[in-house]
Amino acid sequence: MLTRFNPTSGIQDFWNEFRRPQPYRIPILLVSAAFPIVLIFAFVGVRSEKAALERPEVFYITTFEPGRTDEEIMASNLENQKLKEELAARRAEIEERKKDAYRALGRATGLDVDAMERQIEEDRAREEAAQQQAQQAGDTGAPDSN
């Protein structure tokens, strides 16, 4: 089995073919090497000059007037805070409507929605207590006793 796959005879044949003199070996080798070299130089090109970089123009976009007073700043902050609170109230209302829809769906399919909500609240309270414990342990620098 090993004699069928022995590469020595193939290597010997290659070496004998390589050593045999052939008149077109060198010209074919030169043409084969010249073609990719010419393509590379044609695409890359030789540039001896470097273009000077132009200085970019910078445009500053400001959303506030630079000369605002403290009162104007406080008024805009209060206005933004009111807008933020309105958006939070809208989000809370939408979330409550979603919860109501899921509660109705759960009741329609026969699930005990009230028990599920109690379990969720207990889990949430447990997580908050664990976070507070971790914060207190981090504040005092003492290792956690769990």
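Quick look at the numbers
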{"read-out": "At least 24 Å along the helix axis (C-alpha) and Kyte average at least 1.0, DSSP helices within the chain", "value": "25-44"}
{"read-out": "Area accessible to solvent at Leu83, 1.4 Å probe radius, in Å²", "value": "90 Å²"}
{"read-out": "Heavy-atom accessible area per residue - the chain, 1.4 Å, Å²", "value": "101 Å²"}
{"read-out": "Förster radius 41 Å - calculated FRET efficiency between Arg91 and Glu65, Cβ distance, rounded to 0.05", "value": "0.85"}
{"read-out": "Positive-pole candidate from Pro21, Pro66, Pro56, dipole of segment 1-82, charges at beta carbon", "value": "Pro21"}
{"read-out": "Residue with peak Gaussian network fluctuation, the chain [Cα springs, cutoff 10 Å], from Ala92, Ala130, Ala34", "value": "Ala34"}
{"read-out": "Shape category assigned to segment 73-146 from the gyration tensor of Cα positions, a/c cut at 1.5", "value": "oblate"}
{"read-out": "Accessible surface of segment 1-85, 1.4 Å probe, proportion on carbon and sulfur as whole %", "value": "64 percent"}
{"read-out": "Given the chain, longest segment not containing exposed loop GluC sites (Glu not before Pro) (DSSP; at most 10 other Cβ within 10 Å)", "value": "58-146"}
{"read-out": "Mean projected area (nm²) of the alpha-carbon convex hull when the chain is viewed from all directions", "value": "33.9 nm²"}
{"read-out": "Sum of -39500 (n - 2.57) over DSSP H runs of 4+, divided by residues of the chain (222 nm, nearest 500)", "value": "-24000 deg cm²/dmol"}
{"read-out": "Anchor Lys50: lysines whose Cα lies under 30 Å away (excluding residues fewer than 8 positions away in-chain)", "value": "none"}
{"read-out": "Probe 1.4 Å - accessible area at Arg97, Å² to nearest ten", "value": "140 Å²"}
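The values are calculated or read from the model by the stated rules, or taken from the named source; none is laboratory data. Everything quoted here is computed from the prediction, not taken from an experiment. Neighbour counts are summed over all protein chains in view; Cβ atoms, including those assigned to glycine, are modelled from backbone coordinates with ideal geometry. With ligands, DNA and RNA removed, areas are computed over all heavy atoms of the protein, side chains included. Shrake-Rupley method; radii C 1.70, N 1.55, O 1.52, S 1.80 Å.
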